[in-house]
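What follows is a set of notes on a single structure, which appears directly below.
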Amino acid sequence: MFIEDALIKKSMFVTLQLVSNCFLSVLKGLKIVFRPLYALILVFLVNANSFEGNYSKILEEIKKNEKKPVKDEIMLLANHLLEDIEKNSLSVKSNEELNDGYIAFRKASLYFPDEEKFTLAMKKFFYERYKRNLTSDEDKEDMFYHFLESRMFKEADIFCQEFKLKCEELPKKVKSKNSHKTKGRVIELMSKNINEIIVKNIDFEKGSKVVIVFSPTCSVTLRALSKIVSDERISKIFRVNSIFLTRKYLPMELLNFKNEHKMENVYIVFKSSDFPDFYFYFYPHFYFIKNGKILYEFKGWDDEDKSIGNVYMGLEKIGLLKSEKRK
């Protein structure tokens with residue numbers, strides 16, 4: 001593996017020149033289960049000089065991660081790839097390098113949509129490829145989608161007009177309510193028009209809430225919701241106190257979900273980093289919160305009896321259900 005090669009080449013002798021013996025002793029003492037983290041730390045400590053100017057090797061390593069992506073490694077490699085393209089013009093890259101670079105930053109943007117720098121790098125590769133007639137209609141749609149996922153609505157609008165795309169999901173009217181605060185930022189759809197949105201802030205500092213991280217197209221989430229709302233003992237409690245959050249920008253699907261299931265508090269998060277306590281890449285994920293603290297959580301919905309039992313447990317812990325009501 002390329003990162004491991006870099007680690008071996010640098011050796012412990014070089015590392016000793018960069019950090020104190022005491023700190024290295026702590027790193028050496030990490031258990032085997034933390035070895036991947038240990039390797040990444042050492043790569044950072046040695047400045048990863050073997051990456052510098054090695055565009056081809058970086059791309060090769062990113063390609064290796066196609067089947068088993070490791071997000072930390074993708075972040076590290078994409079950052080080094082950024083350093084390369086900041087120093088060297090894309091005009092000197094071969095067509096193959098341009099295509100590979102576009103794919104690499106597409107992956108980085110996909111895994112880290114909050115990091116606008118990766119989407120902007122993807123855009124840079126797109127336009128260089130466009131000059132050489134290497135892009136397809138699918139590439140244009142893909143670039144537009146990544147702008148939306150990074151919440152770069154102005155860039156998405158400009159891109160949409162330039163290439164005359166349909167862009168049906170592009171918000172045309174954006175209202176803000178205290179959105180200068182990043183904590184708890186969400187996007188709320190206005191009425192039946194998916195092109196009008198409100199960016200506002202929600203918080204969980206007071207009272208009890210059930211937050212469900214989900215995707216409106218996730219069949220497992222829909223199955224879980226069906227089971228919960230059909231349970232007479234908790235259906236009303238759940239409807240009144242639940243908040244649904246999704247990271248994916250799927251306004252039409254979200255609106256359909258909201259109307260079909262008659263759920264009021266259904267939002268798209270503006271950025272994952274606006275909700276640091278939540279994980280947005282596994283559906284469904286239930287968080288039971290009281291006065292700003294997560295008191296219970298669980299994810300998935302495999303065994304229905306066990307899963308509904310988890311819902312009861314969570315509701316009890318945040319005081320929305322008395323324990324004696326649980327069977």
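Of all residues in the range 62-80, one or more are assigned to a helix (DSSP H, G or I), in contact with a Lys or Arg (Cβ under 7 Å, 6 or more places away or on another chain) and at pLDDT below 95. Please find, within the range 81-104, the residue that is nearest to Tyr127 (Cα to Cα) out of those that are in contact (Cβ under 8 Å) with a residue 24 or more places away in the chain and part of a loop (DSSP other than H, G, I, E, B). It comes out as Lys93. Taken over the range 209-230, the criterion of being surrounded by fewer than 18 Cβ atoms within 10 Å (Cβ to Cβ) and touching a helix residue (DSSP H, G or I) at 6+ places or on another chain (Cβ under 7 Å) is satisfied by Thr217, Lys227, Val229. Listed by position, the strands (runs of 3 or more DSSP E) inside the range 164-243 whose residues that are within 20 Å of Tyr312 (Cβ to Cβ), among the hydrophobic types (A, V, I, L, M, F, W, C) and assigned by TED's automatic domain parsing to the domain that holds Val269 number at least 3 are 208-213. Restrict the check to the range 285-297 and report whether at least one residue is out of contact with any Lys or Arg (no Cβ under 8 Å at 6 or more places or on another chain), in a loop (DSSP other than H, G, I, E, B) and surrounded by fewer than 20 Cβ atoms within 10 Å (Cβ to Cβ). The answer is no, given that none of the residues of the range 285-297 is out of contact with any Lys or Arg (no Cβ under 8 Å at 6 or more places or on another chain), in a loop (DSSP other than H, G, I, E, B) and surrounded by fewer than 20 Cβ atoms within 10 Å (Cβ to Cβ). Annotation note: of Lys227, Lys271, the sole residue that is closer than 24 Å to Leu320 by Cβ and of a type in the set (Lys, Arg) is Lys227. A Cβ distance below 7 Å, combined with a sequence gap of six or more or placement on separate chains, defines the contacts here; from the range 257-281, residues that are in contact (Cβ under 8 Å) with a residue 40 or more places away in the chain reach residues that are loosely packed, with under 14 Cβ neighbours inside 10 Å and charged (D, E, K, R) in the pairs Asp274/Lys183. For the range 223-245, the criterion of being closer than 24 Å to Glu196 by Cα, in contact with a strand residue (DSSP E or B) (Cβ under 8 Å, 6 or more places away or on another chain) and modelled with pLDDT under 95 is met by no residue. Per the conditions (1) of a type in the set (D, E, K, R); (2) at pLDDT 95 or above; (3) surrounded by 12 or more Cβ atoms within 10 Å (Cβ to Cβ), the sole criterion not satisfied by Arg326 is (2). Taken over the range 159-179, the criterion of being closer than 16 Å to Tyr130 by Cα and surrounded by 12 or more Cβ atoms within 10 Å (Cβ to Cβ) is satisfied by Phe159, Cys160, Phe163, Leu165.
When the range 253-280 is filtered for residues that are in a helix (DSSP H, G or I), charged (D, E, K, R) and farther than 16 Å from Ile243 by Cβ, the ones remaining, listed by number, are Glu253, Glu260. Just to be sure before I move on: is Val240 touching a Ser or Thr at 6+ places or on another chain (Cβ under 8 Å) and of a type in the set (A, V, I, L, M) in the structure I sent? For Val240, the condition - touching a Ser or Thr at 6+ places or on another chain (Cβ under 8 Å) and of a type in the set (A, V, I, L, M) - is not met.
The values are calculated or read from the model by the stated rules, or taken from the named source; none is laboratory data. Note that the structure is a prediction, hence the values are computed from the model and not measured. As a convention, Cβ positions derive from the backbone with ideal geometry for all residues, glycine included, and neighbour counts pool all protein chains shown.
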